[in-house]
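S.K.: Shown below is the structure under consideration.
The values are calculated or read from the model by the stated rules, or taken from the named source; none is laboratory data. Computed from a prediction, not measured in an experiment: that's the story for all the values here. Positions of Cβ are backbone-derived with ideal geometry, glycine not excepted, and every protein chain shown enters the neighbour counts.
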Amino acid sequence: MVEAFAELGAYFSFNAAFLAPGRQRVRDAFLRVPAERLLVETDAPDMGPPPGMAHHTLPPSATGETVHHPACLIDAYTGLAALRGLTPAALVPQIAENFRRLFG
């Protein structure tokens, strides 16, 4: 299905929550996404890296829920790069170009 959506011009956005052990199918799908269709996001403050993987934290919300830091974007880049066998430094220019192409 990834391939069909990519052919239609869809972009696919990876976030650090996909690094959780139970998200293997999602990670497998991101291996099929063409490099020119990848984006990276945080979904902060709601979704973040799995427990113990976040390098940036914020105090819990008033209700005690975890609040994820926007800087967890770094964790998303690092995880996606590792998944695709790249360094984050090699991935950043591609994602930046994709962002410019999509949003101008």
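S.K.: Could you tell me whether T66 is surrounded by 15 or more Cβ atoms within 10 Å (Cβ to Cβ) and closer than 27 Å to R100 by Cα?
M.R.: no
S.K.: Scan the stretch 79-104 for residues that are without any contact (Cβ under 8 Å) to a residue 60 or more places away in the chain, assigned to a helix (DSSP H, G or I) and of a type in the set (S, T, N, Q) and report the count.
M.R.: 1
S.K.: For the condition among the charged types (D, E, K, R) and without any contact (Cβ under 8 Å) to a residue 40 or more places away in the chain, what is the one hit in D46, D75? Outline the logic, then answer.
M.R.: On the way: D75 fails: without any contact (Cβ under 8 Å) to a residue 40 or more places away in the chain.
Every option except D46 fails the conditions.
S.K.: Another question, then. Just checking, does the stretch 50-65 include any residue being among the aliphatic types (A, V, I, L, M) and touching a Phe, Trp or Tyr at 6+ places or on another chain (Cβ under 8 Å)?
M.R.: Let us first name the residues in the stretch 50-65 that are among the aliphatic types (A, V, I, L, M), namely 53-54, 58, 62.
Subsequent filtering for residues that are touching a Phe, Trp or Tyr at 6+ places or on another chain (Cβ under 8 Å) retains none.
No, the stretch 50-65 contains no residue that is among the aliphatic types (A, V, I, L, M) and touching a Phe, Trp or Tyr at 6+ places or on another chain (Cβ under 8 Å).
S.K.: Next question, about the same structure. Within the stretch 2-51, can you find the residues that are over 13 Å from the mean Cα position of the chain (by Cα) and at pLDDT below 90?
M.R.: Correct list: P45, D46, P51.
S.K.: Could you list, in sequence order, the residues of the stretch 45-78 that are among the small types (G, A, S) and in a loop (DSSP other than H, G, I, E, B)?
M.R.: G48, G52, A54, S61, A62, G64
S.K.: Please indicate, with yes or no, whether at least one residue in the stretch 29-47 is farther than 23 Å from F99 by Cβ and buried (at least 16 other Cβ atoms within 10 Å of the Cβ).
M.R.: Step one: filter the stretch 29-47 for residues farther than 23 Å from F99 by Cβ, giving none.
Within the stretch 29-47, not a single residue is farther than 23 Å from F99 by Cβ and buried (at least 16 other Cβ atoms within 10 Å of the Cβ).
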